[in-house]
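Values in this text are rule-based calculations from the coordinates and carry no lab data. What you see is a predicted model, and the numbers here were worked out from it, not measured in a lab. Cβ sites come from the backbone with ideal geometry, for glycine too, and all protein chains shown count toward neighbours.
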Amino acid sequence: MRGQSRLIGRRLAQIIPVIVLATFVVFGLLHLVPGDIAFTLAGENATDARIAQIRESYGLDRPFLVQYASWLWNALHFDLSRSYLSNEPVLNQILHRFPTTLLIVCGALSISLTIGIPLGILAATKPESRLDAAVTSLASLGVAVPNFWLAMLLVATFALSLNWFPATGAVAFAKDPAKSILHAALPALALAAGGVAEVARQLRSGLIEILSSQYVRTLHAKGLSPAAILWKHGLKNVSVNLLTVIGLLVNRLLGATVVVEAVFAIPGMGSLIVHAAINKDFPVVQGVVLAMVVVVICMNLLIDILYTILDPRVALK
Amino acid sequence: MIRLNGLDRRDFLALLGATTAASGSAYAQAAPKRGGILRVSAPANPSSLDPATGGSGSDHVFLYTMFDTLVAFDYETLRPMPGLAESWSYPAPTTLVLNIRPGVLFHDGTPCDAAAVKFNLDRNRKGERSNIKGDLVTVADVTVTGPNQVTIRLTEPDTAMPLILSDRAGMMCSPKAVEERGKDHDRNPVGAGPWKFVSWANAEKVVTTRHEKYWRPDRPYLDGVELAVITEVQTGLRSVVAGQNDFAYQLLPSQKPVIDRAKGLVAVTGPTLYCVQMFFNCAIAPVNDVRVRQAMNFAIDRDEFNKATMNGLSEPAVVTMPSAHWAHDPIMAKYYPYDPDKARKLLAEAGYKDGLDVQAIGFSDQRWQQRQEVIIEQYRKVGIRIRFTNGTVAETSASFNTERKVPVFLSAWTGRPDPTSTYQLMFGEGAYYNAARVAATPEIGPALQATRAVEDTESRRKAFAKLQRLVTENALLIPLVFQFELDAHSQKVKGFKPNLLGKPKFENVWLEG
């Protein structure tokens with residue numbers, strides 16, 4: 001228990017430097033890119049004077065470090081500022097859009113695990129068989145297929161031809177759960193292809209290694225049934241590997257939503273940051289990066305805690 | 001007559017059919033019906049829903065639903081027509097009198113009378129957050145001269161003013177709402193248009209509903225208009241194919257075959273002022289030499305450019321106004337035929353016998369890169385080695401118009417209702433889009449002024465012809481093509497007609513079934 005607390009403490013202590021580093025790098029990169037949001041804000045009939053006035057009123061004429069420090073100071077007081085473009089509080093935008101992205105990511109993760117785990121187990125219990133070859137090939141295909149292409153294929157088939165699913169948009173889960181899931185189904189499926197492959201492949205290789213180990217041979221010799229060996233010993237041992245895969249998968253899925261949200265016109269975090277980055281809407285970019293970093297850190301922390309539950313040696317180390 | 005260079009017979013007939021269906025069906029079919037919500041896929045999020053504080057050309061489609069303008073315009077020619085101002089006159093060259101339509105109410109029930117018009121015009125020309133001060137720069141003062149009459153005193157003759165008042169500057173907001181809401185009026189506007197604002201989920205959807213006390217008794221037909229922001233136009237079109245939306249606009253020429261193949265979809269197309277063109281900074285070598293600029297104009301095969309990059313869905317451009325526009329100059333439109341020999345000769349005269357290198361900037365998306373490739377190849381044939389550096393709209397515009405260190409910018413001009421604004425903004429002294437900031441020749445200033453000094457259309461057309469001659473002879477620009485508007489809607493959408501501004505209005509639209 002003390003080990004677990006120390007681990008959580010260590011991870012929490014890392015949050016601040018990681019957030020500062022990530023947001024500083026993103027802020028710096030946005031400043032390195034040429035262009036000026038004052039031009040966008042000034043409109044099509046802009047005059048040099050109007051552009052200068054906007055720069056001054058938004059504080060864009062201040063030195064880079066001053067601008068960053070000002071943003072960080074406000075963020076520490078839970079004020080993520082307002083979007084330059086829409087004048088909406090950034091926090092409101094994030095809270096409005098994050099559930100949509102989260103639903104898609106959770107859907108993709110569920111599909112990845114629901115299909116990937118049985119496939120991995122099947123392949124591992126019958127290594128070198130036709131089934132194993134089929135699963136391995138399918139997994140390779142899943143990794144190779146670009147999700148935006150798969151997304152368009154799914155739209156063409158299930159939305160435009162069969163009319164089973166909506167082709168675009170999203171509905172808030174709180175407003176209409178059934179409709180919300182219906183809207184998220186195709187994007188989640190498109191995102192899940194890589195996840196299914198990843199889970200199946202990692203589980204297969206992990207299980208094959210464990211099932212061919214000496215201690216499993218001993219279990220066989222003691223007369224345990226293959227099913228008992230698989231469920232009680234094999235899967236328990238491979239679960240730490242699986243957790244690692246899940247952790248990485250969630251982080252990757254969060255990033256991949258950028259493309260899929262564009263294909264399905266979903267107002268989520270991906271489309272929010274793309275629009276903001278293109279237009280150099282710093283407060284929104286910083287806010288989304290901050291939210292994503294916090295989510296990734298929390299996810300990693302959760303995985304670390306689960307490691308210690310499944311394998312107490314991790315905490316002791 | 002609209003030139004349809006680059007279209008084959010089948011395309012032309014399809015286009016003709018679609019256009020006829022779009023324009024003629026409204027009159028050939030049953031009477032308009034009231035009711036229903038029009039669901040529109042919009043390609044961009046509005047910058048603001050307050051006409052004075054917004055800045056993007058893509059805002060207008062949203063704004064038109066909620067704001068009526070003092071002056072309206074004819075869809076096909078952009079000639080001014082009565083709007084909230086039922087008539088106007090110039091008793092003296094520097095005095096414009098607007099007679100405001102009586103009985104018009106804003107969505108909040110307050111009257112849109114002379115006092116409200118004065119409030120709006122003063123706010124637009126002097127307000128701290130106004131982005132449209134430049135439009136009203138010739139207004140000296142605005143006086144209420146009757147309950148429904150406003151007199152605008154001008155600093156110089158300006159007959160461009162009526163059409164300027166058909167744009168943002170003429171969109172009337174409720175003074176009460178502006179004063180009460182302040183900055184929040186950007187996101188919660190009150191106008192006097194056919195529909196009133198309900199909600200705006202940023203980058204997601206703008207919802208409007210019928211203005212029950214709208215001044216035109218038979219309009220609007222629709223109970224509401226909902227504009228879903230779908231920035232990917234391919235996805236926007238898919239949303240119409242799937243039946244989630246009824247209408248998508250500003251689609252790409254490459255999507256025309258998709259619309260034609262889709263069941264139950266109608267393609268609507270028509271000419272617009274949107275011109276794909278190359279801007280010059282005439283203060284920078286080598287384009288500070290008029291012979292180089294002329295050579296660059298002669299070296300462009302606009303018909304090939306149209307076929308290769310626009311699927312033939314555009315009108316090759318040599319002058320600043322398209323052939324459908326009242327100020328189009330048919331003589332100057334023939335000034336720069338494709339003539340590579342003449343281009344080489346001009347380059348040799350300018351001292352570039354062995355060719356020349358030109359730096360340019362442009363946009364980084366695939367569509368624009370394709371245009372650049374065609375230009376690079378066409379210029380290569382005459383010895384012009386043009387190199388593009390690409391970026392986003394904000395980056396490149398700032399680089400060309402603010403930093404002003406690049407000689408050539410491949411971009412587009414979205415058009416303005418009055419041609420004087422277009423010429424003034426691109427060629428006027430100190431104008432933002434004139435990267436050199438000085439007029440290319442001293443005659444430009446007086447020629448520009450002359451277009452504002454006469455009132456009737458014919459006299460103005462002649463004034464614009466003189467101005468266009470200066471622009472064309474001095475090769476101040478390389479117009480390439482006027483892009484056609486391409487919209488798609490479901491068959492239940494009736495009565496829609498495109499306009500020359502290329503920004504759809506839904507005031508005459510109704511839904512069947």
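At a Förster radius of 60 Å, what calculated FRET efficiency corresponds to the Cβ-Cβ distance of A:His31 and A:Leu224, to the nearest 0.05?
Numbers: r = 63 Å, r/R0 = 1.04.
My answer for the efficiency is 0.45.
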Förster-model FRET efficiency, 35 Å R0, A:Phe78 and B:Lys263, C-beta, rounded to 0.05: 0.10
Top positive-direction residue, dipole computed over the protein assembly as shown with Cβ charges, set B:Thr138, B:Thr95, A:Ile8: A:Ile8
Rg [Å, one decimal], Dmax [Å, integer] - the protein assembly as shown, C-alpha atoms: 30.5, 110
Chain B: Cα Rg divided by the 2.2 N^0.38 Å rule of thumb: 0.97
Exposure proxy ranking, count of Cβ atoms within 10 Å, fewest first, for A:Tyr84, B:Tyr423: A:Tyr84, B:Tyr423
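List the relative contact order of chain B as a percent without decimals, with contacts defined as Cα pairs under 8 Å and 6+ residues apart.
Working: 1148 pairs, mean separation 115.8, N = 513.
Once divided by the residue count of chain B, the mean separation gives 23 percent.
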Potential extension, B:Asp184-B:Glu156 segment - 0.36 nm per residue separation minus Cα distance: 6.5 nm
DSSP-defined antiparallel bridges as percent of all bridges, the protein assembly as shown, nearest 5: 75 percent
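If you take the alpha carbon radius of gyration of region B:160-282 and divide it by 2.2 N^0.38 Å, what ratio comes out, to two decimals? If you can, show how the numbers build up before the last one.
On the way: Rg = 18.4 Å, N = 123, 2.2 N^0.38 = 13.7 Å.
Ratio of Cα Rg to 2.2 N^0.38 Å: 1.34.
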Likely footprinting exposure, B:Met171, A:Met299, fewest C-beta neighbours within 10 Å first: A:Met299, B:Met171
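Exposure proxy check: B:Arg416, B:Arg344, B:Arg168, B:Arg261 ranked by fewest other beta carbons within 10 Å?
On the way: B:Arg416 24, B:Arg344 20, B:Arg168 27, B:Arg261 9.
In increasing order of surrounding Cβ atoms, one gets B:Arg261, B:Arg344, B:Arg416, B:Arg168.
Based on the Cα coordinates of region B:192-240, what is the per residue volume of their convex hull in Å³? Provide the component values of the computation, followed by the final result.
Numbers: hull volume 4.2 nm³, N = 49.
It is 85 Å³ per residue.
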Nearest-ten-degree value, helix A:282-310 long axis tilted from longest Cα axis of chain A: 20 degrees
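Please give the contour-minus-distance gain from A:Gln53 to A:Lys175: 0.36 nm per residue of separation, less the Cα-Cα distance, rounded to one decimal in nm.
Values: separation 122, 0.36 × 122 = 43.92 nm, distance 4.22 nm.
Here the answer is 39.7 nm.
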Inter-centroid distance (Cα atoms) of region A:153-187 relative to region B:275-319, Å: 45 Å
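When the Kirkwood radius is taken over all Cα pairs of region B:71-176, what Stokes-Einstein diffusion coefficient follows at 37 °C and 0.692 mPa s, in µm²/s?
On the way: Rh = 13.8 Å.
Calculated translational D: 237 µm²/s.
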Approximate spin-label separation A:Gln214-A:Leu310, in nm, with each point projected 7 Å along Cα-to-Cβ: 2.5 nm
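Using the Cα centre of chain B as the reference point, and only Cβ charges (+1 on K/R, -1 on D/E), how large is the resulting charge dipole? Debye, rounded to the nearest 20.
500 debye
About its Cα centre, what dipole magnitude does chain A give when the only charges are +1 on Lys and Arg Cβ and -1 on Asp and Glu Cβ, stated in debye to the nearest 20? Intermediate values should be presented prior to the final figure.
Details: 23 positive and 16 negative charges, 287 e Å.
So the magnitude is around 1380 debye.
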Cα-based convex hull volume of region A:97-278 per residue, rounded to whole Å³: 130 Å³
Within chain B, percent of DSSP bridges classed antiparallel, to nearest 5: 75 percent
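Kirkwood Rh over Cα pairs of region B:377-513 into Stokes-Einstein at 37 °C, 0.692 mPa s: D in µm²/s?
Values: Rh = 18.1 Å.
Stokes-Einstein gives a translational diffusion coefficient of 181 µm²/s.
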B:Asn508 versus A:Lys236: modelled label distance in nm, points set 7 Å from Cα along the beta carbon direction: 7.8 nm
Region B:40-98: C-alpha pair distances exceeding 12 Å, %: 73 percent
Distance (nanometres) between label positions extended 7 Å along Cα→Cβ at A:Ala144 and B:Thr110: 6.6 nm
Under 5 Å, built H, 5+ apart or other chain: amide partners of B:Gln277: B:Ser411, B:Ala412, B:Trp413, B:Leu480
Choice from A:Gly223, A:Gly195, A:Gly206 with maximal GNM fluctuation in chain A (Cα, 10 Å cutoff): A:Gly223
Distance between region A:16-31 and region A:191-270 - C-alpha centres, whole angstrom: 32 Å
Average beta-carbon neighbours from other chains, 10 Å sphere, peptide B:198-204: 6
Acute angle (nearest 10 degrees) that the helix A:64-76 long axis makes with the longest principal axis of chain A, alpha-carbon atoms: 60 degrees
Calculated P(r) of region A:256-317 - Cα pairs past 18 Å, %: 53 percent
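Checking a compactness column here: for region B:275-482, what do you get for Rg(Cα) / (2.2 N^0.38 Å), N being the number of residues? Display every interim value, and only then the final one.
On the way: Rg = 16.2 Å, N = 208, 2.2 N^0.38 = 16.7 Å.
Dividing the Cα radius of gyration by 2.2 N^0.38 Å gives 0.97.
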Under the Debye formula (equal points on every Cα, no solvent term), log10 I(q)/I(0) of region B:212-343 at q = 0.17, 0.22 Å⁻¹: -1.03, -1.30
Cα-Cα separations in chain A greater than 24 Å, expressed as whole percent: 64 percent
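Translational D (Stokes-Einstein, µm²/s) of region B:314-365 at 10 °C and 1.306 mPa s when Rh comes from the Kirkwood sum over C-alpha pairs?
Values: Rh = 13.9 Å.
Value of D from the Cα-based Kirkwood radius: 114 µm²/s.
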Lys/Arg +1, Asp/Glu -1 at C-beta; the protein assembly as shown dipole; positive extreme among B:Ala116, A:Ile104, B:Phe62: A:Ile104
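How big is the antiparallel share of DSSP beta bridges in region B:275-482, given as a percent to the nearest 5? Provide the component values of the computation, followed by the final result.
Details: 13 of 23 bridges.
Taking every DSSP beta bridge with both residues in region B:275-482, the antiparallel ones total about 55 percent.
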